[in-house]
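Q: Submitted below is the structure of interest, expressed as structure tokens.
The values are calculated or read from the model by the stated rules, or taken from the named source; none is laboratory data. Source: prediction; values computed, not measured. FYI the Cβ positions are ideal-geometry reconstructions off the backbone, even for glycines, and counts take in every protein chain you see. Quick note on the areas: whole protein, heavy atoms, side chains included, nothing else; ligands and nucleic acids left out. Shrake-Rupley method; radii C 1.70, N 1.55, O 1.52, S 1.80 Å.
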Amino acid sequence: MTSRESQGSVVRAEIDAAALRANAAVLAAGIAPARLKCVVKANAYGHGVDIVATALHAAGHREFCVATLDEALHLRDLLGPDADIMAWLYGPESDLDAPLHADIALGVSTLGALDRILEATERTGTTARIHLKIDSGLGRNGLTPDDVAAVLAKLRDCAAADRPRLVVAGVMSHFAVADEPDRPETAQQQQVFDAVRDDLVAVLDAAGGRLGEVDDLDIHIANSPAALTLRPVPGTAARVGLALYGLSPLEDRSARDLGLTPVMRLVSEVVNVKDIPAGHGASYGLTYTAETDTRFALVPGGYGDGLPRSASNRAAVTIRGQRFPVIGRIAMDQFIVDVGDAEVAVGDEVVIFGPDGPSADEWGAWADTINYEIVTRISARVDRLGVDVTRADVDVDGSGVDIVAGGREGAA
Ligand SMILES: *Cc1c(COP(=O)(O)O)cnc(C)c1O
């Protein structure tokens with residue numbers, strides 16, 4: 001850190017805590033009696049984990065999931081001891097001592113991981129809380145049926161030891177096609193998962209509580225699409241990421257259809273407006289040529305900020321409530337908007353996406369990707385500003401700089 005005060009970036013992401021709370025409440029009510037596990041990996045899908053996790057924690061949510069151990073340790077520092085934090089992605093060289101000291105629950109996807117966890121508990125004198133992660137068909141991380149047999153055998157050995165040093169806190173899996181409700185694979189995955197759950201429960205029963213109580217076993221397989229489409233939601237909890245941020249994982253249902261509000265509003269500002277004669281080109285490669293006399297507005301924001309270059313000549317943004325096309329190639333730092341003779345001036349706010357502009361879904365379509373990637377790829381150069389439209393205050397990256405949020409009352 002330098003002593004120089006940050007100017008704040010021109011491109012900034014407003015993160016609406018009120019929308020986040022409302023989405024979490026809608027989701028929790030929809031999946032009840034199953035509980036909500038808030039997935040805040042990858043910097044809370046690009047929204048800024050400090051703002052997001054703090055807001056969810058303040059609203060009473062206690063269960064958080066991340067992918068990596070560093071993400072989990074950061075959350076522990078941020079939220080304190082009463083948060084239930086789990087992580088599931090680490091490698092053979094990962095240091096497990098720190099997560100065990102920090103009471104991070106660990107997903108177990110290989111027999112080797114279980115061995116390393118047991119070694120680390122001996123070394124640290126801790127008791128590990130683990131969730132068996134089952135590959136029920138996705139083919140990604142997780143125990144295969146053969147692995148499960150070996151792990152259950154290992155658990156029986158642990159139960160017979162003087163001090164088990166292990167609590168089986170949960171069993172989990174992950175769906176591959178839950179966003180396509182008509183496909184049969186989801187029910188097939190559920191069957192594979194249920195069979196493993198039953199075998200595990202038998203092992204825990206036989207252990208008589210030495211590896212944790214069966215009644216406390218957390219059973220979770222649903223992600224956002226499953227949490228929105230399966231009724232009842234299978235298991236005791238659902239791990240929800242995307243929907244928490246007010247985005248829809250379903251092709252045929254929008255966030256609004258689902259009662260969700262986008263949490264991120266990505267904005268920039270017009271910094272230059274110029275008259276352009278017919279025939280003039282725009283940006284690298286001159287892939288766009290003005291057909292008539294017009295005006296170009298220059299907007300900071302490019303692939304250095306996480307905007308997809310593949311949306312060049314396809315995307316649109318909203319200025320003064322009106323949509324304008326993004327023309328020519330999106331560059332590293334800036335893009336051009338053809339504003340014609342509309343009333344657009346230097347200093348105007350540009351909504352790149354958000355509740356009162358294009359959606360992250362549209363950017364996903366323009367860039368041949370999905371809304372998940374659009375928000376997650378917003379880069380570190382972009383300041384995240386926590387806003388709370390019900391409280392009308394803004395906190396810049398938790399740095400304590402308060403600004404009044406304005407002009408959002410009309411936003412849907
Ligand atoms: C990312 C992830 C989730 C959350 O998925 P969403 O579709 O964003 O809800 C849940 N479980 C696992 C294992 C994940 O990797």
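Q: Which whole-number percent is the relative contact order of region 264-387 (Cα, under 8 Å, 6+ apart)? Show your work: numbers first, answer last.
A: Values: 291 pairs, mean separation 36.0, N = 124.
Across region 264-387, relative contact order equals 29 percent.
Q: Using all alpha carbons of region 264-387, what is the percent of pairwise distances in each 5 Å bin, ordered from the shortest bin to the longest?
A: Each 5 Å bin holds this share of Cα pairs: 2, 12, 22, 26, 20, 11, 5, 1, 0.
Q: Under a cut-off of 18 Å between alpha-carbon atoms, report the aspartates and glutamates in cross-link reach of Lys154, not counting same-chain residues fewer than 8 places apart.
A: Asp115, Glu119, Glu122, Asp146, Asp162, Asp198, Asp199, Asp205, Glu213
Q: At 7 Å along Cα-to-Cβ for each site, give me the label-to-label distance between Val214 and Asp333 in nm.
A: 6.4
Q: Once the piece of chain linking Ser254 and Ala195 is laid out straight, how much longer is it, given 0.36 nm per residue of separation minus the C-alpha distance between them? Could you put the intermediate results ahead of the total?
A: Working: separation 59, 0.36 × 59 = 21.24 nm, distance 3.44 nm.
Full extension from Ser254 to Ala195 adds 17.8 nm.
Q: Can you tell which of Cys65, Gly46, Ala17 lies farthest toward the positive end of the dipole of region 9-105, using +1 and -1 charges on the Cβ of basic and acidic side chains (Lys, Arg; Asp, Glu)?
A: So the residue we want is Ala17.
Q: For region 293-355, take the convex hull of the Cα atoms, compute a quarter of its surface area, and give me that in nm², please. Please list the in-between numbers first.
A: Numbers: hull surface 16.7 nm².
About 4.2 nm², averaged over all directions.
Q: Could you give the C-alpha radius of gyration of region 80-153 expressed as a fraction of 2.2 N^0.38 Å, taking N as the number of residues it contains? Could you put the intermediate results ahead of the total?
A: Details: Rg = 12.5 Å, N = 74, 2.2 N^0.38 = 11.3 Å.
Normalised Rg, Cα atoms only: 1.10.
Q: Hey, another quick one. What nm value, rounded to one decimal, do you get for the distance between Ala161 and Asp82 when each label is placed 7 Å out toward the C-beta?
A: 3.3
Q: Suppose every K and R has +1 on its Cβ and every D and E has -1 on its Cβ; what is the size of the dipole of region 17-253 about the Cα centre, in Debye to the nearest 20? Please report the intermediate quantities before stating the final value.
A: Numbers: 21 positive and 33 negative charges, 87 e Å.
For this selection, approximately 420 debye.
Q: Given the options Asp84, Asp199, Asp356, state which has the largest fluctuation in a GNM of the chain using a 10 Å cut-off (strictly under) for Cα springs.
A: Asp199
Q: Can you find, among Thr294, Gly357, Ala367, the residue farthest towards the positive end of the dipole of region 264-387? Put +1 on the C-beta of Lys and Arg, -1 on that of Asp and Glu.
A: About the Cα centre, the residue reaching furthest to the positive side is Ala367.
Q: How much area per residue is accessible in region 264-387 when the probe is 1.4 Å and only protein heavy atoms are counted (Å²)?
A: On the way: 5250 Å² over 124 residues.
Result: 42 Å² of accessible area for each residue.
Q: Whole-Hz Karplus ³J(HN,Hα) for region 89-98, in order, using 6.51 cos²θ - 1.76 cosθ + 1.60 and θ = phi - 60°, x for Gly and Pro?
A: 10, 7, x, x, 9, 5, 6, 9, 4, 4
Q: Please report, largest first and rounded to whole Å, the three semi-axes of the ellipsoid equivalent to region 17-253, where each semi-axis is the square root of five times an eigenvalue of the C-alpha gyration tensor. Write out the running numbers ahead of the final one.
A: Values: eigenvalues 155, 97, 45 Å².
Those come to 28, 22, 15 Å.
Q: Taking only Cα atoms and a 10 Å spring cutoff, compute GNM fluctuations for the chain and point out the largest among Ala160, Ala315, Ala226.
A: Ranking Ala160, Ala315, Ala226 by mean-square fluctuation puts Ala160 first.
Q: Can you tell me, using C-alpha contacts under 8 Å and at least 6 residues apart, the relative contact order of region 17-253 as a whole percent? All intermediate terms of the calculation are to be shown ahead of the outcome.
A: Working: 412 pairs, mean separation 48.8, N = 237.
Value for region 17-253: 21 percent.
Q: Let me ask another. What is the distance, in nm, between label points placed 7 Å from the Cα along the Cα-to-Cβ direction at Arg309 and at Glu343?
A: Rounded to a tenth, the inter-label distance reads 3.8 nm.
Q: Let me check something: with ligands and nucleic acids excluded, how do Arg377, Arg323, Arg197, Arg165 order by accessible area (1.4 Å probe), largest to smallest? Write out the running numbers ahead of the final one.
A: On the way: Arg377 85, Arg323 110, Arg197 65, Arg165 40 Å².
Largest accessible area first, the residues go Arg323, Arg377, Arg197, Arg165.
Q: With the cut-off at 1.5 for a/c, could you classify region 183-273 from its C-alpha gyration tensor as rounded, prolate or oblate? If you can, show how the numbers build up before the last one.
A: Values: a/c = 3.97, a/b = 2.36, b/c = 1.69.
Prolate.
Q: Go ahead and set up a Gaussian network model of the chain, Cα springs under 10 Å, then flag whichever of Asp275, Asp194, Asp205 fluctuates most.
A: Asp275
Q: With all protein chains present and a 1.4 Å probe, how do Val201, Val263 order by accessible area, largest first?
A: Working: Val201 35, Val263 0 Å².
Ranked from most to least accessible, the order is Val201, Val263.
Q: Among DSSP bridges having both ends in the chain, what percentage is antiparallel? Round to the nearest 5. Mind dumping the intermediate values first?
A: Details: 34 of 68 bridges.
Percent antiparallel among DSSP bridges in the chain is about 50.
Q: What would the Debye formula give as log10 I(q)/I(0) at q = 0.12, 0.20, 0.25, 0.26 Å⁻¹ for the alpha-carbon point model of region 5-94, no solvent?
A: Log10 of I(q)/I(0), two decimals: -0.41, -0.97, -1.29, -1.35.
Q: Here's something else I'd like to know. List the relative contact order of the chain as a percent without decimals, with contacts defined as Cα pairs under 8 Å and 6+ residues apart.
A: Relative contact order here is 18 percent.
Q: What FRET efficiency comes out for Thr292 versus Val271 if R0 is 25 angstrom and r is the Cβ-Cβ distance? Round to the nearest 0.05.
A: That pair, Thr292 with Val271, gives E of 0.60.
Q: Keeping the other protein chains in place, figure out the carbon and sulfur percent of the accessible area of the chain, with a 1.4 Å probe. Kindly include the intermediate steps, with their values, before the conclusion.
A: Working: 9160 of 18200 Å².
After summing per-atom areas, the C and S share lands at 50 percent.
Q: To the nearest µm²/s, what D does Stokes-Einstein give for the chain at 10 °C and 1.306 mPa s, using the Kirkwood radius over alpha carbon pairs as Rh?
A: Numbers: Rh = 23.1 Å.
For the chosen part, D equals 69 µm²/s.
Q: Something else about it: Which ³J(HN,Hα) values in Hz, rounded to whole numbers, follow from the phi angles of region 213-220 under the Karplus curve 6.51 cos²θ - 1.76 cosθ + 1.60, where θ = phi - 60° and Gly and Pro get x?
A: Per-residue couplings from phi come out as 7, 4, 4, 8, 5, 8, 10, 9 Hz.
Q: A further question follows. What FRET efficiency, computed as 1/(1 + (r/R0)^6) with R0 = 41 Å and r the Cβ-Cβ distance, is obtained for Ala365 and His101, rounded to the nearest 0.05? Please list the in-between numbers first.
A: On the way: r = 45 Å, r/R0 = 1.10.
Computed FRET efficiency for Ala365 and His101: 0.35.
Q: Sticking with this structure for a sec: Under DSSP H, which helices of the chain have Cα atoms covering 30 Å or more of the helix axis and a Kyte-Doolittle average no less than -0.5?
A: Working: long enough: 185-206 (32 Å, -0.10).
What comes out of the filter, once short or polar helices are dropped, is 185-206.
Q: When Lys and Arg each count +1 and Asp and Glu each count -1, what net charge do the other residues less than 14 Å away from Lys133, Cβ to Cβ, add up to? Each step should come with its number before you reach the end.
A: Numbers: positive: Lys37, Arg129, Arg140, Arg197, Arg239; negative: Asp135, Asp147, Asp218.
With Lys, Arg at +1 and Asp, Glu at -1, the neighbours total +2.
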